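Worksheet: the structure to be examined is printed underneath.
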Amino acid sequence: MHETDFDLSERLTRQDNRLQENRLDKMERLFGDILEAIGENRNREGLLKTPGRAARSFEFLTQGYRQSVEEIVNDAVFSSDASEIVMVKDIELYSMCEHHLLPFIGRAHVAYIPNGKVIGLSKIARIVDVFARRLQIQEQLTTQIAEALMEVLHPTGVAVVIEAKHLCMMMRGVEKQNSVMKTSCLRGVFKEDARTRSEFLSLLSQ
């Protein structure tokens, strides 16, 4: 019997649900083991549901592994005669340090110069989230966002700046509470042309 598109969609959805359930079950068991390893009683009242909550939290915080830029963009690229800088500032950003599994929190500023195409405004923030919702280092995250936009839009140039506070530096180690890390990635004319770069930095500081 021929499988319809609806049947295929239903089957894939069931498969995805089973995979998610397996991930959550495995993480719940492991979080329970962590509680015991640090000296806690996993059966005390306040912790009975903690492994499950932690598993669901990590499922959400790492959802970028199960997303792709192509799915997020979803044809939201449009023809345009615009040829000046398009910038989205202060995109809230939450990610997890891959070295200590602690959060880093900050803002991303993303700019591009169209080359016949523009992208839906919300899609820029969603692209940031695709890569932020993975275990990361800030340097790599900055580059991934810039390269994704270059691939999707083929613009004249892309510029990405991220500034963030890292709890792995604030809560442990040197415990410096006011340190902020800033990273940038410039592609195309933002890297090659000093005047374009200067215009971007001027817009960024306003």
**Request:** Can you pull the one-decimal nm distance between simple spin-label points at Asp25 and Val77, each 7 Å off the Cα toward Cβ?
**Result:** 4.0 nm
**Asked** If the chain between Glu84 and Lys191 were fully stretched, how many nm would it gain, using 0.36 nm times the residue separation less the Cα-Cα distance?
**Response** 37.0 nm
**Asked** Rounded to the nearest 20 Debye, what is the dipole magnitude of the chain about its Cα centre when Lys and Arg each give +1 and Asp and Glu each give -1 at the C-beta?
**Response** 680 debye
**Asked** So what's the back-of-envelope 222 nm ellipticity for the chain, counting only DSSP H runs of four-plus at -39500 (n - 2.57) apiece and dividing by all residues, rounded to 500?
**Response** -15000 deg cm²/dmol
**Prompt:** Roughly what % antiparallel, to the nearest 5, for the DSSP beta bridges in the chain?
**Reply:** 95 percent
**Length released on extending from Arg44 to Leu101, taking residue separation times 0.36 nm less the Cα-Cα span** = 18.0 nm
**Item:** Of Arg187, Arg18, Arg66, the one that fluctuates the most in a GNM where the chain has Cα springs shorter than 10 Å
**Value:** Arg18
**Fill in**
Given 32-45, 149-162, the highest-first ranking by average Cβ count within 10 Å works out to 149-162, 32-45
**Request:** Determine the relative contact order of region 5-61: mean sequence separation of Cα pairs under 8 Å and six or more apart, normalised by residue count, in whole percent.
**Result:** 37 percent
**Request:** Quick one: which residues, 5 or more positions from Gly157 or on another chain, have an amide H under 5 Å from its amide H? H modelled 1.01 Å from N in the peptide plane, none for Pro or chain starts.
**Result:** Ile113, Val189
**Cβ-based charge dipole, region 65-206, positive-most Cα from Ala148, Ser122, Met170** = Met170
**Request:** Could you work out how far the C-alpha centroid of region 36-88 sits from that of region 115-133, in angstrom?
**Result:** 16 Å
**Message:** Starting from 0.36 nm per residue, how many nanometres of slack lie between Arg66 and Glu36 once their C-alpha separation is accounted for?
**Reply:** 7.8 nm
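Readers should treat all values here as calculations from the given coordinates under stated rules, not as data from a laboratory. Just so you know, these numbers come straight off a predicted model, no measurement behind them. Neighbour counts are summed over all protein chains in view; Cβ atoms, including those assigned to glycine, are modelled from backbone coordinates with ideal geometry.
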